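This report concerns only the one structure given below.
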Amino acid sequence: MAASHTVPASAHPLSQVRQTGWIADVALAALTVVLFVTVALATGVRQPWDGVIPVALILGALLLVRRRWPMTVLLLSVAAVFAYHLGHPSPAGWIWPVAAAYFTAATVCRTRWVVAVGVAQLVYSAVDARWIIERNVIRYFVHTLGEGLLLAALVAAGLAYAASQRRRDLLRETEYRARAAEERLSVAREVHDIVAHTLAVVGVHLNVAADTLREEPAEAAAALSLAQEVRNRAMKDLNALIAVLREGPAGTEPQPDVSAIGVLVADARAAGLDVTLHEHGDLSTIPAPASVAVHRIVQEALANTLRHSGATRAEVTIGRHPRAITVEVADDGKGDPSGGGVTEGNGLTGMRERVRALGGTLTAGPSPRGFAVQAEIPVAGSPE
């Protein structure tokens, strides 16, 4: 039994995100407290404990829960600033002490409510700062305009951040759907290749057994034995595929590759098809993905030859070239142009998808002697 490993909660990505967010909230709360007290002292406050420090602590504490209740935090923060200015006339400003609350609310709440709260606070701040006019009219307009621009910038930044998050989530969902679709296609190809080949070979042997059961019981028994052997190999392949789907590739048997082409040829010969195999170059140097693809192409092509073409002979040619691998399966049959064989349907689609995924090309159609499937798969960085 494999040893089980427990992943610490702190190592989980979601836990790391939450921890990072909590640290950011604490830092933002501390910064707000320090800035509020500093600005108040810089504007002439001599008794910070009489309103300044309590309000600063309230603003900082509210930011610790800004992600959970953004609109509530905004309203309470605005109320705290309002209460401070009501009892302590000060040019310290209205909008900037609640900047983080405005930004957070703009990212997750309805924009019109955030803007309404901001405009209301801005109007009141303009009325509250009217005493500045008596000293400096220009300073009053600069103060009011600055508050308005800061509010607009905070809301715009919040909306931009929310839009970027939505785009990121959309891209993540699109990538997930694409991976899921590719995984479904991969599973469909594997199941089709295994089942189609098995049914084709087993079907031929069952027909032989049925035809010779009375006259040649020994031949019928041999055909049934071969059918059972092919079926057992197919079950082994299916079990390996299911193991990969359940637990991942670790610890499972490798997929059949070019080294198992001889088994496919032997199955086809046992089913009555005269198959000739030609190999050129060192096939052992073919990379694993291409090697699996070559095996599946030959498997599907021979299965379709047995099921649909009515052929008696077939030639399988595999070449290992400096920059590419070539595969050709040609027979003397008629193919199946009606749509059930290699010219149409899932078999040809699966072969083309395999080859296209590796950057190659595949053609299938009538040949001068019958029907042929040809594929070329490039191999980058080959030793040659």
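What's the FRET efficiency of Asp169 with Ala357 using the Cβ-Cβ distance as r and R₀ = 25 Å, to the nearest 0.05?
E(calc), rounded to 0.05, equals 0.35.
Given a Förster distance of 45 Å, report the FRET efficiency between Cys109 and Gln47 from their Cβ-Cβ distance, rounded to the nearest 0.05.
The formula returns an efficiency of 0.80 here.
Points 7 angstrom from Cα along the Cβ direction at Ala260 and Ala79: gap in nanometres?
If labels sit at Ala260 and Ala79, their model points lie 7.1 nm apart.
Would you mind checking the radius of gyration and Dmax of segment 274-326 based on alpha-carbon positions, in Å?
Rg and Dmax of segment 274-326, Cα atoms, are 12.3, 36 Å.
Under the Karplus relation 6.51 cos²θ - 1.76 cosθ + 1.60, θ = phi - 60°, what is the ordered set of whole-Hz ³J(HN,Hα) values for segment 309-317, x standing for Gly and Pro?
These are the phi-based 3J(HN,Hα) values: 7, x, 7, 10, 10, 8, 10, 10, 10 Hz.
Coordinate-derived values only; no laboratory data. Given the structure is predicted, the values throughout are model-derived calculations rather than measurements. All Cβ positions, even for glycine, are placed from backbone atoms using ideal geometry, and neighbour counts span all protein chains on display.
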